[in-house]
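A quick write-up on the structure given underneath.
The values are calculated or read from the model by the stated rules, or taken from the named source; none is laboratory data. Owing to the predicted nature of the structure, the values given are computational and were not obtained by experimental measurement. Here Cβ is always computed from backbone atoms with ideal geometry, including for glycine, and neighbour counts include all displayed protein chains. Calculation scope for accessible area: heavy atoms of the full protein, side chains included, ligands and nucleic acids excluded. Shrake-Rupley method; radii C 1.70, N 1.55, O 1.52, S 1.80 Å.
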Amino acid sequence: MLLFIALANSHYFLRGTSVLGGYPQDGSAVDRVVTWLIATVVDGRAFPMFGLLFGYGVARIARRQEALGPRAVRRLLWRRSLVLVVVGFLHAVLLYVGDILAAYGVLLFAGAWSVRWKDRWLLVTALVFFLLHTLPGGGSLTISSEPPHISMLPPDPLSAVVHRVPVSLYVALLGPLGFVCPFLLGLWAGRRRILERPQRHRGLLRVTAAVGIGAALLGAQPISLVLAGALPVPDRAALELLGPLHDATGILGGLGYAALLSLLAARLEVRHPRPVVDAVAAAGQRSMTCYLAQSVVWAVTFTPFLLDLSGTLTVAGTALLAVTTWLGSVVLADRMRRTGHRGPFEVLIRRITYRQPPRPG
């Protein structure tokens, strides 16, 4: 998930004579291949998986704390929501205006009520929001021809604050609408512990992985081939059909990825030693810290008053930077695991949510 988020975020900083979907259109053959690969496998597919896992985690918290009663659980989730909003807003203003933590905090504030919904309402509401993604429109980032906004590449620190505050508020308030569907499906799956018990749900997970990933790969092709330069850019009306197709099938892909990884984890669990698996798991246990660490790299690399490489790096070079950044975060997380340290932001959110110190390890 963190690797995919790094790949999905970093290319939006790039400048070019012509930009479509966050990709400069004047790159080399290698850049076009990388563009096709990221647009097919990553863009619009990573964040739905993140939303599903977020909802799944909320269901786990609610289950563990159910003895406290519904009101106490809601207040606990609201405290978690508050810290996500505050950390996310500061993250957006200081480092990366495309932050999603604040949006998830807003989503959790409203979604805390849905923890008590019946399964039928969770699934029906998720379906309604999924269908909204299929409606024609120009809101998809995959069809945007705009270069990086000044809030992404501010010329000086004062401009960063001035331009990022309104944009971050906009993202935090409207961004949750795009994650309602996977969040509610995550709540439903979390109640049944589907990802935790893949042996019991192997059939469902296999079907979800096959159908979800298959739909995501096929649904991405019209836009992916256009972004890669293999097909001519169609007219605006066609783009407003293809963009929502890419996004809607991306939700299915996010579900498929989560199912596939659950099946894979079941196989890897019995193998020893497993240093690579443990290192990746350590990053997952410190996902907020690793996510925020990525933004430090983006800020230093792309900000005009720092290294200012947004007009120098290519799509392929930026993808390599994203992979390297993720690998670095995995090594760091594994080091913290070995020394018995939790991520600092995981410590913070636990202290505020549960009003108690974190457990060691």
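Mean projection of the Cα convex hull over all viewing directions, computed for the stretch 223-264: 3.4 nm². The calculated 222 nm mean residue ellipticity attributable to helices in the chain amounts to -23000 deg cm²/dmol, summing -39500 (n - 2.57) over DSSP H runs of n ≥ 4 and dividing by all residues. Ranking 313, 302, 82 by how far each Cα lies toward the positive end of the dipole of the chain (charges on Cβ) leaves 82 at the top.
Of the trypsin sites (Lys or Arg not before Pro) found in the stretch 57-140, the ones in coil according to DSSP and having at most 16 other Cβ atoms within 10 Å of their Cβ are 118.
For residue 338, neighbours were defined as the other residues whose beta-carbon sits under 15 Å from its Cβ, and their charges (Lys and Arg +1, Asp and Glu -1) total +3.
If you roll a 1.4 angstrom probe over the protein chains with everything in place, what fraction of the accessible area of the chain belongs to carbon and sulfur, to the nearest %? Carbon and sulfur atoms account for 68 percent of the accessible area of the chain.
With N counted as the residues of the stretch 207-289, its alpha-carbon radius of gyration over 2.2 N^0.38 Å works out to 1.49. Computed from the C-beta positions of residue 218 and residue 94, the FRET efficiency with R₀ = 41 Å rounds to 0.55. Between amide H atoms placed 1.01 Å from N, distances below 5 Å from residue 231 occur with 226, all of them 5 or more places distant or on a separate chain. Considering only 333, 179, 232, the residue lying farthest towards the positive end of the dipole of the chain is 333, judged by Cα position with unit charges set on Cβ. Only Cα pairs under 8 Å and 6+ residues apart enter the sum, and on that basis the relative contact order of the chain stands at 28 percent.
Identify the trypsin sites (Lys or Arg not before Pro) of the stretch 188-285 meeting these criteria: DSSP loop state and at most 13 other C-beta atoms within 10 Å of the C-beta. Within the stretch 188-285, the qualifying trypsin sites (Lys or Arg not before Pro) (loop, at most 13 other Cβ atoms within 10 Å) are 200, 271. Placing +1 on each Lys and Arg Cβ and -1 on each Asp and Glu Cβ, with no other charges, gives the stretch 52-113 a dipole about its Cα centre of roughly 340 debye.
Based on protein heavy atoms only, the stretch 31-75 ends up with 43 Å² per residue of surface accessible to a 1.4 Å probe. Normalised size of the stretch 194-332, defined as Cα radius of gyration per 2.2 N^0.38 Å with N residues, equals 1.32. Relative to one another, the C-alpha centroids of the stretch 19-72 and the stretch 241-264 are positioned 9 Å apart.
Charge dipole of the stretch 239-361 (Cα centre as origin; +1 on each Lys and Arg Cβ, -1 on each Asp and Glu Cβ, all else neutral): 840 debye, rounded to the nearest 20. Just so you know, the averaged projected area of the alpha carbon convex hull for the stretch 117-257 sits at 11.0 nm².
Its Cα gyration tensor gives the chain an equivalent ellipsoid; the semi-axes, largest first and in whole Å, are 31, 24, 21. Computed from Cα positions, the angle between helix 236-268 and the longest principal axis of the chain comes to roughly 40 degrees.
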